[in-house]
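Beneath this line is the structure, given in C-alpha cells, with notes to follow.
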Ligand code: GLU
C-alpha cells in the first residue's frame, strides 16, 4: 500500500461516550476514504490522563463496530504506524521534543496558571486578543537552569515565527489565511511531561501518513498552529477540512439539553445502525439520492464539495424517517435478533416470517414488535377504551355474522368481508373497525388480511366470539 493513497482518520479523545457530533465527523472521514478506496485509521488521543478513561476508548470502538465503520489501522492492530493509543507513543514524542529544543524552536515556560490568567485578563481589558505574552522567551539560559534546579517544572512552548502568514486551502471552507503575529507561542508539552493536543495530534497525523483530516470547525484556528509546528519539524502536513457543527432546534450546539444523543443511547433505544448512518451522512452533506442507501453507496456518492459550511440542525423526525426505512429493509435474521428475546419467545421461529410480513410497517423499535407479539399471541386480549366502544356500538349481531363468515371462508379475508358487508350492511370503517377492535384490541395496526392467518382461525374465532359477549354486555 503506498502512502499516496488517501488516508483519513478519526482521533477521538476518550473523555466520554461517543456523541452524534463526533460520530458524524468519523462517518464523513470514513465515507471520504471509502469513496477513494483509501484507508481509514483510528487513533485514540488519550494523553490527558486525568480526563481519559480506557473504558471510554473501548466504548468508542464498540460504537464504531456497531455502525460497521471498520478501520484499517488502529487500536488492537499491529499496523505499520502503531501504537495507535497516544499514551503508548511517549518515546516517539520525546524525539520530536528534543528536536524542537535542540533547534531552539521551543522554550521552557515557567509561568503559573495564575500569571497566565492575569496576563490574559489585562490583554482582554486592553482590547487585544489574548495570547502568550512571551515572558519566558526572554529568560537567559542561566535563568532557566536556576529555575529547573529549584525544582520548577516548566511547560515547553513552541516559538511561533513572527511576521509570517499561514495559508491553507480548507477542504470544506476554501482558502484560509492567518497572521502569525496573532498566534501566541503555544504549549506543546505540559508541565507533567505529557504532550499537548496541538503537538501529538499534528505529529501523529504526519507520522501515520494521514492525507486528509476532517474535523469539527472548532479546530479551525488550531490548524495554522499545527501547520507551523509540522513545518518546523520537517513533517508533511495533511490537508485539513473543517466541518460545521450540529445544532439543536434552537440553533445552539447540540448538547444534552436537546436530548440523549450518545451513540450508545441511540443503540440502546433500538435505532438501527443503517438508520443512524443514513441520517448522519446527510446531516451537512447534500446527496441527490434521497433513497435509503448502504454505507458503500453513501461512500460512492460522497463528495467534499457537497459538505456544507453552515451548521446543520439535528432533526429527530428525520432520524425517525430513516429508522422506518431501515426497519422495512432489514434482513430477517438481523430483525429477529434486534426484536429481542421476549419477542422470539412469544412469536416462535415458525411464525417469524408471517409476523414480519404483518407487523413490519407498524414497528419502529423492538418495543413495538413486543407490543404486537403480545396482542397477536397472548391471552387474554386487553381491549383499549376506544376498541371497547367500537365493539359495543357494532353490536352482538355483527360479531355473530363475523363468526359465521369466518367459518365459511376460513383465511379468505376478502370473502369474509364481502359476506359480512352483505349480512350487516356495514361499510368502510363501520365494517373494518369492529373487526380490528375485536381481533387486536386496538383501533389501528397491521393489515387485517395478514392478521387472521397469523392469529390462526381458531384464535380469530375465539376473539370474534368474545366480541359477541362484549357487545352484548
Ligand atoms: N482528539 C481531538 C478531539 O477529539 C481530535 C481533533 C482532530 O480531529 O484533530 O477533538
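The values are calculated or read from the model by the stated rules, or taken from the named source; none is laboratory data. Note that the coordinates shown come from a computational prediction; the quantities given were computed from them, not determined experimentally. Virtual Cβ from ideal backbone geometry, glycine too; neighbours counted across all protein chains shown.
I need a count of the residues in region 1-52 that are more than 11 Å from the ligand (Cβ to nearest atom), in a loop (DSSP other than H, G, I, E, B) and at pLDDT 95 or above.
4
If you go through region 194-215 one residue at a time, how many are more than 17 Å from residue 39 (Cβ to Cβ), free of Cβ contacts under 8 Å to residues at least 40 places away in the same chain and away from the ligand (no atom under 12 Å from the Cβ)?
Number satisfying all stated conditions: 0.
Counting just the residues of region 127-140 that are free of Cβ contacts under 8 Å to residues at least 40 places away in the same chain and touching a strand residue (DSSP E or B) at 6+ places or on another chain (Cβ under 9 Å), which one comes out surrounded by the most Cβ atoms within 10 Å (Cβ to Cβ)?
136
Just checking, which of 124, 171 is under 26 Å from residue 242 (Cβ atoms) and in contact (Cβ under 8 Å) with a residue 60 or more places away in the chain? Spell out how you get there, then give the answer.
Numbers: 124 fails: in contact (Cβ under 8 Å) with a residue 60 or more places away in the chain.
Only one candidate qualifies: 171.
Given the options 192, 181, 185, name the one that is more than 24 Å from residue 311 (Cα to Cα) and touching a helix residue (DSSP H, G or I) at 6+ places or on another chain (Cβ under 8 Å). Working first, answer last.
Details: 192 fails: touching a helix residue (DSSP H, G or I) at 6+ places or on another chain (Cβ under 8 Å); 181 fails: touching a helix residue (DSSP H, G or I) at 6+ places or on another chain (Cβ under 8 Å).
Selected residue: 185, the only one of 192, 181, 185 that is more than 24 Å from residue 311 (Cα to Cα) and touching a helix residue (DSSP H, G or I) at 6+ places or on another chain (Cβ under 8 Å).
Is it true that residue 279 is touching a helix residue (DSSP H, G or I) at 6+ places or on another chain (Cβ under 8 Å), without any contact (Cβ under 8 Å) to a residue 24 or more places away in the chain and not in a strand (DSSP E or B)?
For residue 279, the condition - touching a helix residue (DSSP H, G or I) at 6+ places or on another chain (Cβ under 8 Å), without any contact (Cβ under 8 Å) to a residue 24 or more places away in the chain and not in a strand (DSSP E or B) - is not met.
Every residue in region 53-74 that is outside any helix (DSSP H, G or I), at pLDDT 95 or above and within 18 Å of residue 264 (Cβ to Cβ), please.
If we filter region 53-74 for residues that are outside any helix (DSSP H, G or I), which is where we start, we get 53, 67-74.
In the following step, the residues that additionally are at pLDDT 95 or above were identified as 67-74.
The answer is 67, 68, 69.
So residue 79 clears everything in (1) at pLDDT 95 or above; (2) surrounded by 14 or more Cβ atoms within 10 Å (Cβ to Cβ); (3) closer than 20 Å to residue 201 by Cβ; (4) out of contact with any helix residue (DSSP H, G or I) (no Cβ under 7 Å at 6 or more places or on another chain) except one condition, right? Which one?
Here residue 79 clears every test but (1).
Of the residues 429, 367, which single one is free of Cβ contacts under 8 Å to residues at least 40 places away in the same chain and part of a helix (DSSP H, G or I)?
Criteria check complete, one pass: 429.
Of all residues in region 216-252, count the ones that are more than 13 Å from the ligand (Cβ to nearest atom) and without any contact (Cβ under 8 Å) to a residue 24 or more places away in the chain.
Total satisfying the criteria: 4.
What are the residues in region 287-303 that are in contact with a helix residue (DSSP H, G or I) (Cβ under 9 Å, 6 or more places away or on another chain), without any contact (Cβ under 8 Å) to a residue 60 or more places away in the chain and assigned to a helix (DSSP H, G or I), if any?
Passing the criteria: none in range.
Before we move on, is residue 87 more than 27 Å from residue 232 (Cα to Cα) and within 16 Å of the ligand (Cβ to nearest atom)? Spell out how you get there, then give the answer.
On the way: more than 27 Å from residue 232 (Cα to Cα): no; within 16 Å of the ligand (Cβ to nearest atom): yes.
No.
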